[in-house]
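Down below is the structure, laid out as structure tokens.
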Amino acid sequence: MDERCEQICGQVSALIAAPTRDLDEIEHVLTDGYAHALLLEGEKWRLEKRMGEVAQGLQRGDTAKKVRELSTLAKQVDANAGDLAELRSLLADLRRHGDAVRLESAVG
């Protein structure tokens, strides 16, 4: 997981566990989290595009080198997909938490 994703995941977990209910901070972290999710999706798209390019060129040139690159790219795609799934799950939890905070403030 990249450093920014770890930071956002830590903020999400802290906000959900916090006894105080700071809706502004929740919204800020959700915004940052969704922006990072979009960045991860863009990176996944770039990696998959590169995999296609390398795969198309397997018949031409250094096959062993291209197979190694494909292997590296596949590992990066897998890691990216895992990070994205974890981040989306945590953001969904935080969104539900934010909804509960909103409801509490409207009722209370």
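Considering Lys49, Lys66, Lys75, the condition of being in contact with a Gly (Cβ under 9 Å, 6 or more places away or on another chain), in a helix (DSSP H, G or I) and farther than 17 Å from Gly10 by Cβ is satisfied by Lys66 alone. Within the set Ala81, Ala85, the sole residue that is more than 27 Å from Ser105 (Cβ to Cβ) and open to solvent by 50 Å² or more (accessible area, probe 1.4 Å) turns out to be Ala85. Pairs linking a residue in the stretch 56-81 that is farther than 29 Å from Ala37 by Cβ and at pLDDT below 95 to a residue that is open to solvent by 70 Å² or more (accessible area, probe 1.4 Å) and not charged (D, E, K, R), with Cβ atoms under 8 Å and 6 or more positions apart or on different chains, are Leu58/Val67.
Per the listing Val101, Val29, the residue uniquely touching a Leu at 6+ places or on another chain (Cβ under 8 Å), assigned to a helix (DSSP H, G or I) and farther than 22 Å from Cys5 by Cβ is Val101.
Each row is one residue, and each column tells you yes or no for (1) of a type in the set (D, E, K, R); (2) within 15 Å of Gly82 (Cα to Cα); (3) touching a strand residue (DSSP E or B) at 6+ places or on another chain (Cβ under 7 Å).
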residue	(1), (2), (3)
Asp2	yes, yes, no
Glu6	yes, yes, no
Gln11	no, no, no
Ala14	no, no, no
Asp22	yes, no, no
Ile26	no, no, no
Thr31	no, no, no
Glu41	yes, yes, no
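For beta carbons closer than 6 Å, sequence separation of 6+ or different chains, a first residue in the stretch 90-108 that is within 18 Å of Ala14 (Cα to Cα) and of a type in the set (A, V, I, L, M) and a second that is open to solvent by 40 Å² or more (accessible area, probe 1.4 Å) and assigned to a helix (DSSP H, G or I), the qualifying pairs are Val101/Leu23. Look at (1) surrounded by 11 or more Cβ atoms within 10 Å (Cβ to Cβ); (2) outside any helix (DSSP H, G or I) and you find that Gln59 fails only one, number (1).
Please specify each residue of the stretch 1-22 satisfying the condition of being open to solvent by 40 Å² or more (accessible area, probe 1.4 Å), within 14 Å of Val101 (Cα to Cα) and either out of contact with any helix residue (DSSP H, G or I) (no Cβ under 6 Å at 6 or more places or on another chain) or at pLDDT 95 or above (or both). Selection gives Ala17, Pro19, Thr20, Asp22. With the structure loaded, tell me whether Ser13 is in a helix (DSSP H, G or I), hydroxyl-bearing (Ser, Thr, Tyr) and under 13 Å from the mean Cα position of the chain (by Cα) or whether it fails that test. The answer is no for Ser13.
The values are calculated or read from the model by the stated rules, or taken from the named source; none is laboratory data. Since the model is a prediction, treat every value here as computed from it, not as a measurement. No Cβ is skipped: glycine too gets one built from the backbone with ideal geometry, and neighbour counts run over all protein chains shown. For the accessible areas, the whole protein counts, side chains as well, though only heavy atoms, and no ligand, DNA or RNA atoms are used. Shrake-Rupley method; radii C 1.70, N 1.55, O 1.52, S 1.80 Å.
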